[in-house]
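The values are calculated or read from the model by the stated rules, or taken from the named source; none is laboratory data. Not measured: the values here are computed from a predicted model. Reconstructed Cβ throughout: ideal geometry from the backbone, glycine too, with neighbour counts over all protein chains shown.
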Amino acid sequence: MDSSKVQVPVLKDLNIDNITENTIIINSQGNDARLKYVMERLVTHLHDFARETRLSTSEWMAALNFLVRVGQISSDVRHEFILLSDILGLSLLVDAIDHPKPASSTEGSVLGPFHTHEAETIVNGQEMTSDPQGEPCLVICKITDVQGNPIQGVKVDIWETDSTGHYDVQYSERDGPDGRCVMKSDDKGDFWFKAIVPVPYPIPHDGPVGQLLKLLNRHPWRPAHMHFMFEKPGWDHLITALYLRGDPYETSDAVFGVKQSLVVDLGRADEETAQQYGVQVGSKVLRHDFVLVSDAETEKLRDENALAAMKKLGRNVKLLNHLPVPDLD
């Protein structure tokens with residue numbers, strides 16, 4: 001960048017009282033209205049945080065070193081920053097803001113750090129796990145819109161731990177994906193597969209996020225659940241999970257993912273179900289209907305929520321690509 005062609009605001013004699021406004025001024029020279037707004041609010045809140053807590057140099061250095069350790073332990077199969085976002089409640093908050101759901105649709109939940117794109121595609125009736133120790137569980141699902149019409153051809157990512165509470169990517173000696181799959185809903189909106197009964201498990205707590213949980217006197221456990229992710233053009237991207245009722249961690253999930261509408265009961269296969277789906281009589285069955293929302297419905301609701309939230313905060317904004325920016329007109 002040619003410094004002679006850059007008009008830099010005059011910055012001098014900066015102190016506690018004027019550093020924030022000057023930082024915002026120098027960050028506001030670009031043409032991206034959304035980026036300028038995001039940076040303005042980020043700097044404002046960060047600086048206010050430092051002032052309100054009277055943040056010490058040693059504390060700030062400890063925080064920076066903590067973030068360095070979060071990055072150092074992350075890999076292509078372990079995303080410690082997602083884990084940090086999860087335990088701070090930020091992941092759930094962002095999902096709720098970006099993917100609002102009408103009352104008649106399926107609520108979202110957290111993605112978590114263990115989703116991968118290497119799952120094999122299976123068809124109805126196949127098994128998604130090779131774990132011989134897990135308790136067999138037949139999963140029968142339907143996908144509809146809010147009017148109850150079936151949605152065909154939805155790509156569904158599904159993943160869960162094995163019976164010991166570990167995802168496949170947590171094993172260094174693994175030779176391929178296991179406990180995960182990709183499916184497509186049929187012409188009736190149905191998909192069904194064979195899995196194992198989910199079990200509770202601790203999130204990885206051998207790294208900096210685990211150390212933070214320990215300092216906060218928080219446990220690292222997640223209740224038993226199974227992840228689902230739904231994708232089809234024209235429909236809002238849905239990341240969710242189903243949680244087993246009665247799990248000891250149902251009301252204290254370490255990453256805040258549980259919602260009452262996502263808590264389910266397991267049934268048992270009667271003779272008719274066993275014969276129809278090729279399972280043993282009495283084996284566990286999970287049945288659930290997922291309700292998707294169109295992109296148009298979600299955009300409308302997201303816009304309404306954004307404008308209402310900004311009005312409540314006393315901010316004069318307009319929407320640019322469905323995201324708030326200051327309305328300077």
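A quick yes/no check of all residues on (1) crowded, with 17+ Cβ neighbours inside 10 Å; (2) within 20 Å of the chain's Cα centre (by Cα); (3) outside the structural domain of HIS237 (by TED's automatic domain parsing):
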| site | (1), (2), (3) |
| --- | --- |
| ILE140 | yes, no, no |
| LYS155 | no, yes, no |
| ASP168 | yes, yes, no |
| SER172 | no, no, no |
| PRO177 | yes, no, no |
| PHE191 | yes, no, no |
| TYR201 | yes, yes, no |
| HIS205 | yes, yes, no |
Exercise for review: Go through (1) within 24 Å of LEU301 (Cβ to Cβ); (2) surrounded by 20 or more Cβ atoms within 10 Å (Cβ to Cβ); (3) over 14 Å from the mean Cα position of the chain (by Cα) and name the single condition PRO150 misses.
Suggested key: (2)
Revision key, fill the gap. Every listed condition ((1) surrounded by 12 or more Cβ atoms within 10 Å (Cβ to Cβ); (2) at pLDDT below 90; (3) within 26 Å of GLN211 (Cα to Cα)) holds for ASP76 save (1)
Study note, to complete from the structure: Within region 46-62, residues within 15 Å of ILE19 (Cβ to Cβ) and either surrounded by 10 or more Cβ atoms within 10 Å (Cβ to Cβ) or touching a strand residue (DSSP E or B) at 6+ places or on another chain (Cβ under 7 Å) (or both) come out as LEU46, HIS47, ASP48, PHE49, ALA50, ARG51, LEU55, TRP60
Review point. How do the pairs read when you match residues in region 66-86 that are in contact (Cβ under 8 Å) with a residue 12 or more places away in the chain with residues anywhere that are surrounded by 18 or more Cβ atoms within 10 Å (Cβ to Cβ) and among the acidic types (Asp, Glu), using Cβ under 8 Å and keeping only pairs 6 or more apart or on different chains?
Key: VAL70/GLU80; ILE73/GLU80
Review point. Looking at region 68-108, which of its residues are in a loop (DSSP other than H, G, I, E, B) and closer than 30 Å to GLN147 by Cβ?
Key: HIS99, PRO100, LYS101, PRO102, ALA103, SER104, SER105, THR106, GLU107, GLY108
**Study point:** In region 137-154, the residues that are closer than 12 Å to ASP289 by Cβ, hydrophobic (A, V, I, L, M, F, W, C) and not in a strand (DSSP E or B)
**Key:** VAL146, ILE151
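Tell me the residue from VAL139, VAL182, VAL199 that is in contact (Cβ under 8 Å) with a residue 24 or more places away in the chain and over 23 Å from ASP247 (Cβ atoms), please.
Numbers: VAL139 fails: over 23 Å from ASP247 (Cβ atoms); VAL199 fails: over 23 Å from ASP247 (Cβ atoms).
Among VAL139, VAL182, VAL199, only VAL182 is in contact (Cβ under 8 Å) with a residue 24 or more places away in the chain and over 23 Å from ASP247 (Cβ atoms).
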Review point. How many residues does region 288-329 contain that are of a type in the set (Gly, Ala, Ser), in contact with a helix residue (DSSP H, G or I) (Cβ under 9 Å, 6 or more places away or on another chain) and either more than 30 Å from LYS155 (Cα to Cα) or in a loop (DSSP other than H, G, I, E, B) (or both)?
Key: 1
